[in-house]
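Values in this text are rule-based calculations from the coordinates and carry no lab data. The structure displayed is predicted, hence computed values, not measured ones. Positions of Cβ are backbone-derived with ideal geometry, glycine not excepted, and every protein chain shown enters the neighbour counts.
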Amino acid sequence: MDQFKDIRPYQDDEIRPVLNALLKNRDFILSIARFYNPTLTRLLPFLVTHLATRRLKAQLKNVTSVATMQDVIAIYMDKMIGDTTTGLTHSGLDKLDHGKSYLFISNHRDITMDPAFVNYMLYHEDLETVQIAIGDNLLKEPFVTDLMRLNKSFIVRRSLKGRELLKALDLLSRYMHHCIEHNQNVWIAQREGRAKDGVDITDPALIKMLARGKKELPRGQSIANLHVVPIAISYEYDACDKLKAEELYQIKTTGKFEKTDQSDIHSIVTGMMGQKGHVHVAFGEELELDTDDPNEIASKIDAQILANYRLYDSNFLALELLEKSGEVDIPPLAEDARKRNINDSTREEFERRLANMDSGLHKYFLSMYANPVISRYKKG
């Protein structure tokens, strides 16, 4: 494993030393304190950080391995699910072979919650939880890198250029093949970055990268060796919908989105703590490949994600409101996309969210919810 040391998650013998170092890291403790009580942390930082350290030490005292770390994370997930969702369901898990490892390729809506929900489902079915691909653009602080690697995350080095990038892609692909060969499940998003407009499309460049780990094989066979299973994650409400609408508006009006050092952290916290309504995780079937064409392989993944994506009343309501505003033409779509019977409580909640933002953002907000419906019926 030495060749993967710089990108892989921490192993059992590394967990406790990393935790001990984090509990002495003032930046980490302050971040935790601000997360739970920003006002009091600003007024009484010494007291709050002291209390936060005591609490964390108590919660983590029995963590000595990857498995015991996952047990602690499951407790946090239970609380988060109870506080921020109205229901969490899954489908397709019964199709997975308990004696097999898989590369799960999913649509990407939330930075941390997408793989967290996948892991939660696997954990409660006594299946091996996933190792999570995470871009180095999110790892601006050393303690954030440590936290991610404690939670079975491995690093995708996106910031490199030229030959260094190609070397990093080779290493990354070899690592994922290594994981599958050694009975470790892996999760990766279908493309770089979240689908802020609600359109889920697999990047063929991802397929090319995945095949690099077994260059001696035809591309299709290399991908087949990873046992790819597409996953569709559907949120009734996107906790970051307003943030995404603001980003799309800024790109449309200025040609670019100006990220700050806090943009990703803000999205992560909002995604964790914001209301999501019902969430569904649909596990697809292992890909059967008869082609080496990365575009065709990507299309096979897209087909399953589109078919398994759960459409909510919020999606159809957004489409209805876009039609009324003249922003989209509905008639070519299936008739039920026009005549969905949407209950009053959903209308009130959706309209409340819409009213909570500048009118200039409405088109972008509605489109991100409506596009999954449009994508479904475009495919017939």
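Numerical summary
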{"item": "Candidates 370, 74, 21: whichever shows maximal mean-square fluctuation once the chain is modelled as a Gaussian network with Cα springs under 10 Å", "result": "21"}
{"item": "Rounded to 5, percent antiparallel among DSSP beta bridges of region 2-310", "result": "20 percent"}
{"item": "Residue 78 versus residue 259: modelled label distance in nm, points set 7 Å from Cα along the beta carbon direction", "result": "3.5 nm"}
{"item": "Under 18 Å from the Cα of residue 5 - lysines, other chains or at least 8 residues apart", "result": "152, 167"}
{"item": "Difference of contour (0.36 nm per residue) and Cα-Cα distance, residue 35 to residue 324", "result": "100.0 nm"}
{"item": "Net +/- balance of residues flanking residue 361 in space, Cβ distance below 15 Å, scoring K and R +1, D and E -1", "result": "-1"}
{"item": "In Hz, Karplus ³J(HN,Hα) per residue of region 16-28 (6.51, -1.76, 1.60; θ = phi - 60°; x = Gly, Pro)", "result": "5, x, 5, 4, 4, 5, 4, 5, 9, 8, 4, 4, 5"}
{"item": "Efficiency of FRET from Cβ geometry, residue 290 and residue 95, R₀ 22 Å, rounded to 0.05", "result": "0.65"}
{"item": "For the chain, calculated [θ]222 nm from helices alone, where every DSSP H run of n ≥ 4 adds -39500 (n - 2.57)", "result": "-16500 deg cm²/dmol"}
{"item": "Inter-site label distance for residue 378 and residue 250 at 7 Å from Cα along Cβ, in nm", "result": "2.6 nm"}
{"item": "Residues in region 279-301 that a label on residue 124 would reach, taking backbone N under 12 Å of a point 7 Å out along Cα→Cβ", "result": "279-281"}
{"item": "For region 2-24 versus region 42-83, the gap between their alpha-carbon centres in whole angstrom", "result": "18 Å"}
{"item": "Residue of 87, 326, 162 that the Gaussian network model of the chain assigns the largest fluctuation, springs spanning Cα pairs under 10 Å", "result": "162"}
{"item": "Max mean-square fluctuation residue, GNM over the chain, Cα-Cα springs under 10 Å, options 70, 304, 250", "result": "250"}
